Structure formats: structure tokens, C-alpha cells
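The values are calculated or read from the model by the stated rules, or taken from the named source; none is laboratory data. The model shown is predicted, which means the values in this text are computed figures rather than measured ones. No Cβ is skipped: glycine too gets one built from the backbone with ideal geometry, and neighbour counts run over all protein chains shown.
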Amino acid sequence: MDNQNQEILAIIILGALLALLLVGFIVGMLFLYQKRQNEYKKEMATMHEEYDQQILRVQFEMQEATLKEIADKLHDGLKNNIVSIIQRLHLIGFHLSKNPQNVANFATEIDQITLDLTGVKDEVRLTSHSLSPDRITQVGLIDAIKFEAKRLAQISSLKVNFDADETKEYYVGETNSVYLFRMSQEIIGNVLTHSKATQINIHISLLVGNIFVLEIKDNGIGFNITDKKKNKNVGMGLAGMQKRALQIGADFNISSTPNVGTSVTIKLPLPQVENIKPDDNKEKQTKYSFD
């Protein structure tokens, strides 16, 4: 009887030990799981913080680039034009103060000054429109990029070709339109600053599967992409554009060959809706050259 009781007691003790071990194992696993969860949350928080910092840096760079563009236009373009007009008006005023009867002799000069002032007004309008997100959403992405191409042709020596299939409806959305337009501005800005190109081609199309495509090519000096990514400033610029494309679900691709040129392609899947206008029986390609 005693042996039987001892066996039962041993079984109870062994069962209790096994239960304690099982409980300890479960508690240990829960503790390890919680620890890993906390580490994962910390890693994610760090990643989000770094990502937010990168986005802020990119936004700051875009703001700085925009402000620099405005400053350059004010200093190199508008200021010089306005100073020239003021000097010519002073000269006309001086001559008329000597001989008020000679107004007719300055008719041609006054007409030219009027044209120059109109040009200044147009340049201010073009610049303000290209910087306004409201303008982008009002006129639509395609017209906004076409407008920017026209402005580029007017302020630079580049030959600018704009090519878009305007028989299609591009349901890009307001936010995506602003993102794509700002990316196109940054790409064009890089062409103007670094490429030494004489021609730039801007092509917009809609692929099968309702994929919006924006392609910007230049015939500049090109570069080695791997080497450029090692450059902190250039590499951050490329990474910034890739991140902005990722934010809207677009694919960003850049290819470049030294002494040949650079091509940047952005592809964005659009909602599956009917894109052909009802009154369009045939697709037609619209091309613009702003010489």
C-alpha cells in the first residue's frame, strides 16, 4: 500500500513538474515573442522615422530647387528685361524733354517696349502656372506637362518635342497628377543643369492594361548610373524620385549611356475604365515642337 501511495505521489510530483515546465516554456515563449514584437516595433519605428526624414529632405530639396528656379528667373530674366525697358524709357523721356515734338520718331521703339513688357507678363504667367498645384489639377496633367514643355522651349535653347496620344482619357487623379508633374519638372531641371543636351523629347502614352507612361529623353552627355548613385547628392536625388514614384504606386526607371543621352520612364497603373472617347473612331498622335 505504501509503495502504491509512493508511486502515486511520484506521478503527481512528476506531473506537477511537467506542468511547471510546460507553463515555464509557454511563459518563456510568450516573453520571447513579446521581446521580438517590441524589437520589431522599434525597428519599424526607426525605419518610419528614417523614411520620414528622407521624405522631408527630398521635399526640402524640391523647395530649394523651386526657389532657386524662381530666383534665377527673377535675376537673369525678368530683372534684366525690366532694367532694359526702364533704361529705354528713360532715354525716350530724355529725348522728348529736349524736343517734345519728336514723339512720332519713337513710335517704333515704344511698340517694341510694349512687346517686351508683354513678354515679361507672359513669362511671369508661365512661371506662376508651372508652380501652382491648383493649376495642375485645373488644366489636367497632360496639358500641364505640355505647358511646361512650351515654357522650357521659351526659356532655353533646347529643342523641345512633346508627344501625347490625346484621344485617350487619363484618369490619373489629382494627387498623382501633382506628383507626376513635379517629378517631370525635376527630371527636366536635371536635363537643363547637367545634361548639356540640345534636344529633349517628352512622350506620354497609355499602354495595354491601362498603364500610364511618361517618358523623358535627352541627347545629352549621359552618365554611368552606378557611379552616380555613389555620389551622395545625385544618389539621393535618384532615390528621392524613386520614393515619390513608390508613394503613388508607380514604377520609376532610368537608363543612361555616356555621350548618348538619358531616358527616364515612369509607369503608373490607372483604374480600369474606358479610355477611348466615344466620338473618336481612330487613334491619332498629337506632336508638338516648341522651337
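Descriptive notes on the structure:
- The criterion of at least 1 residues that are surrounded by fewer than 20 Cβ atoms within 10 Å (Cβ to Cβ) and at pLDDT 85 or above is met by the following helices (runs of 4 or more DSSP H) wholly inside the range 117-230: 141-155, 174-190.
- Residue match in the range 260-271 (condition: at pLDDT 90 or above, closer than 26 Å to residue 155 by Cβ and exposed (fewer than 14 other Cβ atoms within 10 Å of the Cβ)): yes
- Of all residues in the range 94-116 being of a type in the set (A, V, I, L, M) and at pLDDT 70 or above, the one that is surrounded by the most Cβ atoms within 10 Å (Cβ to Cβ): 113
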